[in-house]
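For reference, the structure is listed below as structure tokens.
A short reminder: the numbers here are calculations on the coordinates, not readings from a lab. Treat the numbers as computed from the prediction; the structure is a model and nothing was measured. Cβ sites come from the backbone with ideal geometry, for glycine too, and all protein chains shown count toward neighbours.
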Amino acid sequence: MVLKIYNTLTRKKEEFKPLRGNRVYMFVCGPTVYDYSHIGHARTYVSYDIIAKWLRRKGYTVFYLMNITDVDDKIINRAKETGRNPLDLAREFEKYFYEDMEALNIRSVNFYARASEHIPEIISQVKRLIKEDVAYETETGVYFDVTKFKDYGKLSRQNPEELKKHRIEPDPTKRNPQDFSLWKKRKGEEIYWSSPWGEGRPGWHIEDTAISERYLGQQYDIHGGALDLVFPHHEAEIAQMETLSKKKPMVKYWIHTGFLTVRGEKMAKSLGNFVTIRDALKKWSPEALRFFFATAHYRSPLDFSEKKLEQAMKSLDTLYNSLDNLLGLEERKGKEKTRQEKELLEKVNILKTDFEEAMDDDFNTPKAIACLFEISKLINTFALKNSNINSEVKREIKEVFLELGNVLGILKEKREGKKERKLVEELIGIIVDLREEARKEKNWEKADEIREKLKSIGIKLEDTPHGTKWKFS
Ligand code: AMP
């Protein structure tokens with residue numbers, strides 16, 4: 001089956017043909033590590049995890065590279081605010097990022113590359129860009145003159161007049177307001193490297209092309225990130241790399257994920273409307289989060305609310321109930337299959353093909369999920385009418401169900417976290433009851449102590465006329 005991918009560069013769905021036979025080189029913009037990642041980031045990284053897994057399932061050998069932005073204004077500012085060394089701060093949040101990825105079952109990235117460990121590659125690119133006469137040095141840094149790259153704006157589809165409206169990195173020494181920095185000269189920051197332009201640090205965009213040139217070459221297959229990176233970040237990457245290589249396009253398929261929003265607004269640190277991945281995982285299982293993300297197409301916006309996640313958990317329960325129904329059927333040995341069993345197997349295999357076609361159609365996960373629910377319905381109907389099943393049929397259906405679930409990172413024979421979560425809930429219930437007894441005895445001191453202790457580990461109590469309610473804060 002042919003895989004089609006929507007390419008931001010051409011604004012078309014295109015047949016996927018890697019540049020180098022069966023090998024796929026894929027680069028996804030990684031996090032700026034100055035704080036905990038939120039579930040908006042998680043949506044993007046889960047989307048690319050599904051994409052990488054699907055490519056591998058189709059038989060491609062995928063090299064999936066992700067950069068770690070560990071040198072950046074945001075990190076430097078946060079380090080200043082907290083009196084820390086910027087690289088130490090970055091290392092700490094990088095560690096939390098990996099923990100979050102692991103918790104979300106994202107294991108498809110082959111290699112994480114830190115910007116700070118690629119300074120020679122960055123300096124080499126800046127030097128070459130100056131030599132090409134598209135970059136210039138001023139008192140504050142080295143900048144890319146965007147008027148010298150005639151394709152500037154091709155990814156974001158902006159003409160030169162529209163591009164002029166952007167005021168990027170305001171600096172009076174630049175030739176044009178749209179020019180972006182390649183190297184920033186040191187203004188007393190703690191983090192810096194020596195370079196032909198004095199002490200300083202790299203600009204954001206050059207970090208990624210330096211890393212991708214080293215590991216993937218000057219042209220490769222897939223580059224991704226969320227929509228906010230189309231301009232100026234990815235546009236700038238194209239200007240840098242295509243100037244250096246004189247080959248077009250730098251990337252064959254540009255993929256961009258839609259935002260996770262809250263009441264229609266992008267979830268963002270700066271807007272304060274975010275939920276960190278670790279807080280979300282206190283309430284919902286990794287599978288529930290992954291399932292929730294997959295209910296929308298990766299390019300569409302997806303609005304987050306607690307209610308929607310609860311709904312996602314319930315939908316996931318429905319799928320697990322069907323799996324339980326299937327596993328609960330008594331096995332009949334032997335080759336003999338009933339007419340009903342043959343029909344069931346046939347229908348499940350048709351749905352498997354439908355699932356695969358949906359994924360091949362620009363990774364249409366909502367459609368793929370609909371196929372899983374159809375399989376779930378078939379299993380339930382069968383289990384309602386039968387108490388036993390041919391053992392081969394059972395095994396085959398179980399395998400299809402679990403294998404397709406695995407594409408999205410959901411559905412396991414032994415459900416994760418469910419038992420643990422139930423235990424935690426029961427334990428909190430016991431503590432809340434003990435506090436209730438203290439309150440009845442008017443032992444307010446004890447009741448307050450319990451409340452404070454629970455609060456310190458992220459459990460918030462609320463005394464209502466109908467009893468005490470609790471939630472993870
Ligand atoms: P950052 O650490 O802010 O550079 O973001 C890391 C990645 O997450 C980038 O690909 C961003 O485009 C993406 N991202 C940030 N916020 C959201 C969001 N609300 N929804 C989806 N992706 C996001």
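Cross-link pairs exceeding 22 Å in C-alpha to C-alpha distance, out of Lys347/Lys377; Lys4/Lys394; Lys53/Lys412, comprise Lys4/Lys394.
When the listed pairs Lys13/Lys74; Lys12/Lys127; Lys74/Lys460; Lys335/Lys414; Lys184/Lys248; Lys80/Lys187 are checked against a 25 Å cut-off, the alpha-carbon distance exceeds it for Lys13/Lys74; Lys12/Lys127; Lys74/Lys460; Lys335/Lys414; Lys184/Lys248. Cross-link partners for Lys131 among the lysines, with Cα-Cα distance under 16 Å and sequence neighbours closer than 8 places in the same chain left out: Lys148, Lys246. Helix 204-216 sits at what angle to the longest principal axis of the chain, using alpha carbons and giving 0 to 90 degrees rounded to 10? Here the helix axis deviates by roughly 70 degrees.
In the stretch 1-130, the DSSP beta bridges split such that about 30 percent are antiparallel, to the nearest 5.
Peptides 191-199, 66-74 ranked from most to least packed give 66-74, 191-199, packing being the mean of other C-beta atoms within 10 angstrom over each peptide's residues.
For helix 39-57, what angle does its Cα long axis make with the longest principal axis of the chain, in degrees from 0 to 90 and rounded to 10? Computed tilt is about 80 degrees. Computed from Cα positions, the angle between helix 306-328 and the longest principal axis of the chain comes to roughly 50 degrees. Placing R0 at 25 angstrom, the Cβ-Cβ distance between Lys308 and Ala268 gives a FRET efficiency of 0.85 after rounding to 0.05. Volume per residue of the convex hull around the Cα atoms, evaluated for the chain, comes out as 174 Å³.
For the stretch 367-473, the set of GluC sites (Glu not before Pro) satisfying both a DSSP loop assignment and a count of at most 14 other C-beta atoms within 10 Å is given as Glu413, Glu416, Glu441. Of the trypsin sites (Lys or Arg not before Pro) found in the stretch 189-265, those in coil by DSSP whose Cβ has at most 14 other Cβ atoms within 10 Å are Lys246, Lys247, Arg263. Here Ser124 and Lys150 are evaluated by their C-beta separation; at R0 = 35 Å the FRET efficiency comes out at 0.90. Rounded to the nearest 20 debye, the dipole size of the stretch 82-203 about its Cα centre is 400 debye, using +1 on the Cβ of Lys and Arg and -1 on the Cβ of Asp and Glu.
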